[in-house]
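Let me give you the structure first, and then I'll get to my questions.
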Amino acid sequence: MGERVDVLVTLGDGVFPLFAQAEGKTGHGQALVRTAAGALPAQSRPGELDRQVLLGTDLAPREYVRLLEREHDVFHSVDMGGTMSPYRWTLNGRAHPDIPPLNVAEGQRVRMRMRMRNMSDMFHPMHLHGHTFALTDTGLRKDTVTIGPMRTVEIEFDTDNPGQWALHCHNAYHQEAGMMTTVSYLA
């Protein structure tokens with residue numbers, strides 16, 4: 001939820017279906033892209049989707065978008081937890097707004113370990129405002145990463161955009177139940 005990918009698509013002349021379906025879901029979105037005259041496609045769901053589908057985890061970043069190699073200046077550990085009764089989602093054992101910010105200073109390299117520790121089967125797409133980050137295992141640049149149950153993800157980002165930036169679960173009902181904090185630049 002909330003993941004985005006920048007892609008460059010080169011289309012020829014004609015009419016092409018644009019089809020989006022979330023993995024494991026039955027609903028979908030669709031549109032037509034028209035670059036010139038042409039007949040409408042016979043079906044809106046492209047047949048290519050019946051073959052092996054390329055996943056974001058199969059991709060590797062180009063060198064020019066990778067973070068430059070350097071040691072991190074600051075390390076933050078963010079443990080995600082939650083309960084169904086009462087319905088409450090936490091970061092480092094606390095729910096928003098009663099959670100201290102993650103303090104940074106401009107010009108730092110920040111490494112952040114986000115761990116799922118709840119025993120539920122919930123996934124948390126964690127989104128950082130104001131920055132992109134790199135997954136430390138692949139170098140992929142993102143602003144949202146989905147963390148599965150009992151999993152750990154490490155990210156790195158450069159503090160190059162001063163302000164007060166939200167870090168939260170992109171499942172709005174988890175965010176509203178407390179899974180949110182602030183990445184806060186100190187003067």
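Each reported figure results from applying straightforward, stated rules to the coordinates on display, with no laboratory input. The structure displayed is predicted, hence computed values, not measured ones. Reconstructed Cβ throughout: ideal geometry from the backbone, glycine too, with neighbour counts over all protein chains shown.
Find the relative contact order for the chain and round it to a whole percent, using C-alpha pairs within less than 8 Å whose residues are 6+ positions apart.
On the way: 373 pairs, mean separation 41.4, N = 187.
Reported relative contact order: 22 percent.
May I ask you to sort VAL153, VAL5 by Cβ crowding, counting other Cβ atoms within 10 Å and putting the fewest first?
In order of increasing Cβ crowding within 10 Å: VAL5, VAL153.
What is the distance in Å between the Cα centres of region 122-170 and region 57-117?
Centre-to-centre (Cα) distance: 6 Å.
When a footprinting reagent is the concern and you count Cβ atoms within 10 Å, what order do PHE133, PHE123 take, fewest first?
Ranking PHE133, PHE123 by Cβ neighbours within 10 Å, fewest first, gives PHE123, PHE133.
So how strong a dipole does region 121-187 carry about its Cα centre when Lys and Arg Cβ are +1 and Asp and Glu Cβ are -1, to the nearest 20 debye?
Computed about the Cα centre, the dipole is about 80 debye.
May I ask you to evaluate 6.51 cos²θ - 1.76 cosθ + 1.60, the Karplus curve with θ = phi - 60°, for each residue of region 178-183 and list the ³J(HN,Hα) values in order in whole Hz, giving x for glycine and proline?
Values per residue, Gly and Pro as x: x, 7, 7, 8, 10, 8 Hz.
For the chain, what's the radius of gyration and Dmax over Cα atoms, in angstrom?
Computed over the Cα atoms of the chain, radius of gyration and Dmax are 19.6, 60 Å.
A further question on this structure: Would you please give the residues with an amide H less than 5 Å from that of MET80, counting only those at least 5 places away or on a separate chain, with H modeled from the backbone geometry?
ASN92, ARG115, MET116, ARG117
Still on this model: Helix-derived [θ] at 222 nm for the chain: sum -39500 (n - 2.57) over DSSP H runs of at least 4, divide by residue count, nearest 500? The partial results should precede the final answer.
On the way: 1 runs with 5 residues, N = 187.
Here the helix-only value at 222 nm equals -500 deg cm²/dmol.
Additional query: From the backbone phi of region 104-113, what are the Karplus-calculated ³J(HN,Hα) couplings (6.51 cos²θ - 1.76 cosθ + 1.60, θ = phi - 60°) in whole Hz, Gly and Pro given as x?
Per residue, the Karplus-derived 3J(HN,Hα) values read 9, 10, 4, x, 8, 9, 10, 10, 10, 9 Hz.
Still on this model: What residues have an amide H closer than 5 Å to that of VAL183, excluding those fewer than 5 places away on the same chain, when H is modeled at 1.01 Å from N in the peptide plane?
Excluding prolines and chain starts, which carry no amide H, the hits are LEU102, TRP165, ALA166, LEU167.
Quick one: which residues, 5 or more positions from GLU106 or on another chain, have an amide H under 5 Å from its amide H? H modelled 1.01 Å from N in the peptide plane, none for Pro or chain starts.
LEU186
Also, I was wondering about something else. Which three extents, in angstrom, do the Cα atoms of region 138-187 have along their principal axes, listed largest first?
Projected onto its principal axes, the Cα set of region 138-187 covers 35, 30, 15 Å.
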